[in-house]
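The values are calculated or read from the model by the stated rules, or taken from the named source; none is laboratory data. None of these values were measured; they are calculated from a predicted model. Cβ: placed from backbone, ideal geometry, glycine included. Neighbour counts: every protein chain shown.
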Amino acid sequence: MKNTVIVDPSFRRMDEVFSPADQGRLRELADVVWGRDDPMPIDDFLDALPGADFLICADWRYGDVLERAKRLKAIITVSGAFPLDLDYEACYRQDIRVLSAAPAFARQVAEFALGLAIDGAREIALGDRLMRRGQEAYLAAGNTSTFMLYDQPVGMIGYGAIGRELHNLLRPFNVSLSAYDPWLGDRYLRRLGVTPLPLEKLMSDSRVIFVLAAPTMENRAMISRELLERIGENALFVLVSRAHVVDFDALAELVLAGRFKMATDVFPNEPLEADHPVRGAEGALLSAHRAGSLAVGMHELGEMVIDDLEVLVQGLPPRRLLGAEPELSRRYASNRAGSSGGVKLDM
């Protein structure tokens with residue numbers, strides 16, 4: 001007898017997440033309920049839940065219904081984060097795994113972050129804008145505020161999956177890498193070739209700073225104006241996780257004043273306001289939240305989900321998805337497990 005899986009990926013699309021081959025694998029593995037782009041109607045979901053072995057969804061929008069989940073073994077999210085407003089404690093009591101496809105985004109985002117860093121350091125996009133306006137400067141005159149990424153002190157705020165992928169990409173540049181991640185031990189970081197640093201020292205000592213911290217209730221505006229003012233002149237601040245963790249107004253103000261340069265893929269409000277001052281900052285490299293939206297990368301996400309579903313239906317543990325551990329889920333932002341303090345960083 002096949003397992004039953006509810007597939008309700010909205011806000012994502014089925015063909016965005018699953019290649020035709022993986023949609024075929026999914027239907028061979030289990031009887032699929034719903035499996036459409038539109039959000040599954042709540043009444044239909046409640047009817048299907050008691051007979052479901054697995055749930056694939058983008059977020060948790062179903063309310064307090066886990067008591068009806070008599071057979072559910074895993075909730076698998078394809079949003080890139082753990083679901084908000086899910087009762088994690090109920091999941092643990094009922095032996096329901098909560099799994100996220102977040103690791104699928106690591107390579108995409110790391111590659112994009114490296115691109116932002118190289119562009120920001122060498123001012124490639126700025127040079128293009130100046131040339132189109134007829135304001136270009138040639139040779140040395142066009143490199144008065146550029147620098148090479150090679151041999152630079154680089155800091156990461158958060159050293160999870162994205163950080164590890166980015167570290168691999170940075171190896172040919174012979175950077176000296178430091179990280180601030182209070183959820184990882186100093187000895188563990190050193191074994192990976194990373195120097196652990198307090199946040200204040202990382203901000204002041206790094207020529208390039210990568211912000212990879214995921215949002216929590218505790219780390220809103222964690223990177224304050226005071227910390228931003230520690231950044232050295234002509235250093236580069238690269239923001240690719242969430243604007244939630246930065247005092248973005250202070251960041252924009254300091255970049256507009258020419259204190260340092262920035263590159264960002266995320267903003268406090270998206271779409272970014274048409275009149276936001278940061279749009280006029282020559283020292284800012286701006287990207288419209290595109291680091292993790294490649295079609296091939298999204299299909300890697302679906303592949304990861306089906307790979308783990310193959311072992312889950314056999315009663316074996318998942319290997320590719322990220323599990324919500326009890327010690328950590330109680331500290332995620334805005335979920336039913338509550339918060340016990342701390343800072344959640346790049347997963």
Quick check, is Asp95 modelled with pLDDT under 95, closer than 30 Å to Asp43 by Cα, out of contact with any helix residue (DSSP H, G or I) (no Cβ under 9 Å at 6 or more places or on another chain) and loosely packed, with under 15 Cβ neighbours inside 10 Å? no
The range 66-83, residues that are part of a loop (DSSP other than H, G, I, E, B) and under 23 Å from Val313 (Cβ atoms): Ala69, Lys70, Arg71, Leu72, Lys73, Val78, Ser79, Phe82, Pro83
Please go through the range 15-36 and give me each residue that is of a type in the set (Gly, Ala, Ser) and free of Cβ contacts under 8 Å to residues at least 24 places away in the same chain, ordered by number. Ala21, Gly24
Test for Arg132: is it outside the structural domain of Ile162 (by TED's automatic domain parsing) and among the basic types (Lys, Arg): no
Complete set of residues in the range 118-147 that are assigned to a loop (DSSP other than H, G, I, E, B) and not hydroxyl-bearing (Ser, Thr, Tyr): Glu123, Arg133, Gly134, Gln135, Glu136, Ala137, Asn143, Phe147
Enumerated strands (runs of 3 or more DSSP E) restricted to the range 1-63, each holding at least 1 residues that are over 18 Å from Ser100 (Cα atoms), out of contact with any Asp or Glu (no Cβ under 9 Å at 6 or more places or on another chain) and at pLDDT 95 or above: 30-34
Given the criteria in contact with a Pro (Cβ under 9 Å, 6 or more places away or on another chain) and part of a helix (DSSP H, G or I), does Glu111 qualify? no
Considering each of Ala179, Ala161 in turn, give the residue that is of a type in the set (Gly, Ala, Ser) and under 22 Å from Asn234 (Cα atoms). Ala179
Hey, can you tell me all the residues within the range 171-210 that are buried (at least 18 other Cβ atoms within 10 Å of the Cβ) and closer than 21 Å to Gly115 by Cβ? Val175, Leu177, Ala179, Ser206, Arg207, Val208, Ile209, Phe210
Out of Arg122, Arg132, I need the residue that is at pLDDT 95 or above, over 23 Å from Pro103 (Cβ atoms), basic (Lys, Arg) and surrounded by 12 or more Cβ atoms within 10 Å (Cβ to Cβ). Which one? Arg122
For the range 272-305, which residues satisfy the criterion of being in a loop (DSSP other than H, G, I, E, B) and over 19 Å from Ala110 (Cβ atoms)? Leu272, Glu273, Ala274, Asp275, His276, Ala281, Glu282, Gly283
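Condition check ((1) outside the structural domain of Gln314 (by TED's automatic domain parsing); (2) free of Cβ contacts under 8 Å to residues at least 40 places away in the same chain; (3) aliphatic (A, V, I, L, M)) across all residues:
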{"residue": "Ala52", "(1), (2), (3)": "no, no, yes"}
{"residue": "Leu55", "(1), (2), (3)": "no, no, yes"}
{"residue": "Val65", "(1), (2), (3)": "no, yes, yes"}
{"residue": "Lys73", "(1), (2), (3)": "no, no, no"}
{"residue": "Leu86", "(1), (2), (3)": "no, no, yes"}
When the range 241-264 is examined, which residues are found to be in contact with a strand residue (DSSP E or B) (Cβ under 7 Å, 6 or more places away or on another chain) and either under 21 Å from Ala291 (Cα atoms) or of a type outside the set (Val, Ile, Thr) (or both)? Ser241, Val245, Val246, Asp247, Leu251, Phe260, Lys261, Met262, Ala263, Thr264
